[in-house]
Structure formats: C-alpha cells, structure tokens
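Enquirer: Structure below; questions to follow.
Rule-based calculations on the coordinates, nothing more; no lab input. Keep in mind the model is a prediction, meaning the values are calculated, not measured. Reconstructed Cβ throughout: ideal geometry from the backbone, glycine too, with neighbour counts over all protein chains shown.
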Amino acid sequence: MKHTKSLIKITEESVSNFQTIDGLIEIGQTFQISSYDVRTKHEERKANAQRIVSCWNACHKAGLTNEQLESGYIKKLIQEREEAINLLKAMNNHLNKVLGEYKNEAI
C-alpha cells in the first residue's frame with residue numbers, strides 16, 4: 001500500500017483536513033458517518049485530528065511500514081523493552097547482592 005511519505009499537519013482552514021507539512025499535498029480529512037454528534041466541541045475534534053497527525057508523523061519518523069503498524073509490531077517492541085528492563089533490574093539486584101557479600105567478607 002502506497003501512501004504519502006511526508007510529515008503531515010492539520011490545515012489552517014479546518015481541523016478536519018490534513019496536508020503535508022509543506023502544505024503542498026492535501027492528504028485527506030476526518031469525518032464521521034452516522035454517529036456524528038453536532039455537540040462535539042471544536043476542541044475535541046481538533047484534539048482527535050492532532051492525534052491522527054501525531055501518530056502519522058511518529059510512524060513516518062520511525063520508518064514504520066503499514067504492515068508493521070497493523071501486525072502488532074509496536075506492542076511486541078514494547079513488551080520486549082519491558083522484558084529487557086526487568087532482566088537488567090534482576091541482574092543489577094544480583095550484582096548488588098554479590099558485591100555486598102564481597103564487601104562483608106573483605107572487612
């Protein structure tokens with residue numbers, strides 16, 4: 001699947017429209033089909049649009065493909081990071097214990 005390979009932003013004209021960061025290419029717009037609530041505040045629509053822009057740009061900067069994004073790749077990376085952190089903490093605790101025992105024996 002091909003998509004525009006550029007950072008994007010919300011257009012100045014509407015919080016529902018997106019364009020490339022340089023303003024040269026219109027990307028698309030957000031819309032709601034049947035569940036649109038006219039009471040939805042402008043601030044909320046803008047925040048929703050900003051979240052889409054933030055996600056798009058984060059993926060672009062990280063070089064993530066659509067396939068990686070849709071396959072759960074990010075969740076796997078986060079889980080692996082947590083496992084690595086837990087392993088490092090366990091190793092640190094063990095090292096501190098060994099060093100503490102060594103200090104006690106040396107005295």
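Enquirer: Mind checking the log10 I(q)/I(0) for the chain at q = 0.12, 0.16, 0.21, 0.25 Å⁻¹? Debye, one equal scatterer per Cα, no solvent, two decimals.
Expert: Listed by q, the Debye log ratios stand at -0.62, -0.86, -1.12, -1.27.
Enquirer: Please order Lys97, Lys46, Lys9, Lys2 by the number of other Cβ within 10 Å, starting at the fewest. Spell out each step's value before the answer.
Expert: Working: Lys97 10, Lys46 14, Lys9 19, Lys2 5.
Placing the least packed residue first, the sequence is Lys2, Lys97, Lys46, Lys9.
Enquirer: Enumerate the calculated ³J(HN,Hα) couplings along region 5-19 in order (Karplus 6.51 cos²θ - 1.76 cosθ + 1.60, θ = phi - 60°), each rounded to whole Hz, writing x wherever the residue is Gly or Pro.
Expert: Taking θ as phi minus 60°, the curve returns 9, 7, 5, 10, 8, 7, 5, 6, 6, 7, 6, 9, 10, 10, 8 Hz for region 5-19.
Enquirer: Further, regarding this structure: Over the chain, calculate the relative contact order: mean separation of alpha carbon pairs under 8 Å at least 6 apart, over the residue count, as a percent. Write down the numbers at each step before the final one.
Expert: Details: 65 pairs, mean separation 21.6, N = 107.
Computed value for the chain: 20 percent relative contact order.
Enquirer: Given Lys9/Lys46; Lys2/Lys46; Lys2/Lys61; Lys5/Lys41, which pairs have Cα atoms separated by over 22 Å?
Expert: Numbers: Lys9/Lys46 11 Å; Lys2/Lys46 26 Å; Lys2/Lys61 16 Å; Lys5/Lys41 31 Å.
Long pairs (Cα-Cα over 22 Å): Lys2/Lys46; Lys5/Lys41.
Enquirer: On to the next question. Identify all lysines with a Cα-Cα distance to Lys89 below 18 Å; exclude those on the same chain that are fewer than 8 residues away in sequence.
Expert: Lys97
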